[in-house]
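Peer 1: Have a look at this one before I ask anything.
The values are calculated or read from the model by the stated rules, or taken from the named source; none is laboratory data. Keep in mind it's a predicted model, so treat the numbers as computed, not measured. Here the Cβ is made from the backbone with ideal geometry for all residues, glycine too, and neighbour counts use every protein chain on show. Surface accessibility is based on the protein's heavy atoms, side chains included, excluding ligands, DNA and RNA. Shrake-Rupley method; radii C 1.70, N 1.55, O 1.52, S 1.80 Å.
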Amino acid sequence: MNQPAEVPRAALPLPPGDRERIRAYGAGHPEEWGGLSIGPHERLQAWFTDPAAHETALRAVLEHPELVDFRIAPRSERARSAVRAEVDALLGAHAGSWYGVGDRVSTISVSLAGSATELAAELHRRFGDAVEITIASFKYPLEPGAQRREPPGGV
């Protein structure tokens with residue numbers, strides 16, 4: 001994969017036509033397409049499970065290919081959507097135990113109440129790294145050796 005080219009800010013933003021070309025190309029490759037995001041310096045990031053297999057073909061149809069970076073997605077948008085549907089169903093059965101859920105390029109983020117440790121364990125067991133879990137203000141699971149410190153009075 002090519003390294004990102006240095007592009008002066010005056011050359012930005014990327015024309016909407018290129019964004020649409022990238023999305024259309026990705027839609028034609030649903031098992032590999034991971035999504036589109038804006039990265040550092042307002043550059044577009046095209047995410048594929050195997051970006052090298054798509055970079056040359058996609059750059060050939062872009063007006064400004066130098067403004068696009070290609071990134072490795074750990075799962076396709078289709079696979080992430082399937083995980084999201086299962087996460088939503090599980091959270092629906094635990095009303096009051098969670099604060100929010102959102103989509104990221106490669107994961108689903110879930111914010112849980114401090115008392116939802118069993119739900120956190122179930123999410124982690126079922127979905128592994130496809131779901132980023134925060135319980136109270138702590139990432140779950142805790143890193144090895146990390147200790148959860150509760151403020152006086154509990155969380």
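Peer 1: So in the range 33-54, with the set limited to residues that are in contact with an Asp or Glu (Cβ under 8 Å, 6 or more places away or on another chain) and farther than 17 Å from residue 21 by Cα, which one is surrounded by the most Cβ atoms within 10 Å (Cβ to Cβ)?
Peer 2: Looking at residues that are in contact with an Asp or Glu (Cβ under 8 Å, 6 or more places away or on another chain) and farther than 17 Å from residue 21 by Cα, I get 49.
Peer 1: Out of the residues in the range 84-93 that are out of contact with any strand residue (DSSP E or B) (no Cβ under 6 Å at 6 or more places or on another chain) and in contact (Cβ under 8 Å) with a residue 12 or more places away in the chain, state the one that is least open to solvent (accessible area, probe 1.4 Å).
Peer 2: For the range 84-93, the residue satisfying everything is 90.
Peer 1: Between residues in the range 52-73 that are basic (Lys, Arg) and residues that are surrounded by fewer than 12 Cβ atoms within 10 Å (Cβ to Cβ) and not in a helix (DSSP H, G or I), which pairs lie under 9 Å by C-beta distance while being six or more apart or on different chains?
Peer 2: 71/1
Peer 1: Suppose we filter 97, 115, 137 for residues that are more than 12 Å from the chain's Cα centre (by Cα) and surrounded by fewer than 13 Cβ atoms within 10 Å (Cβ to Cβ); which single one remains?
Peer 2: After applying the criteria, what remains is 137.
Peer 1: As an exercise: evaluate residue 109 against (1) out of contact with any Asp or Glu (no Cβ under 8 Å at 6 or more places or on another chain); (2) surrounded by fewer than 19 Cβ atoms within 10 Å (Cβ to Cβ); (3) not hydrophobic (A, V, I, L, M, F, W, C) and give the number of the one condition it does not meet.
Peer 2: The number of the failed condition is (1).
Peer 1: Could you tell me whether residue 58 is under 16 Å from residue 44 (Cβ atoms), surrounded by 15 or more Cβ atoms within 10 Å (Cβ to Cβ) and at pLDDT 95 or above?
Peer 2: So residue 58 passes the test.
Peer 1: Hey, residue 96 hits all of (1) among the small types (Gly, Ala, Ser); (2) touching a strand residue (DSSP E or B) at 6+ places or on another chain (Cβ under 8 Å); (3) free of Cβ contacts under 8 Å to residues at least 60 places away in the same chain but one; which does it fall short on?
Peer 2: (2) is the only condition that residue 96 fails.
Peer 1: Scan the range 101-133 for residues that are at pLDDT 95 or above, in a strand (DSSP E or B) and not hydrophobic (A, V, I, L, M, F, W, C) and jot them down.
Peer 2: Hits for the range 101-133 are 109, 111, 132.
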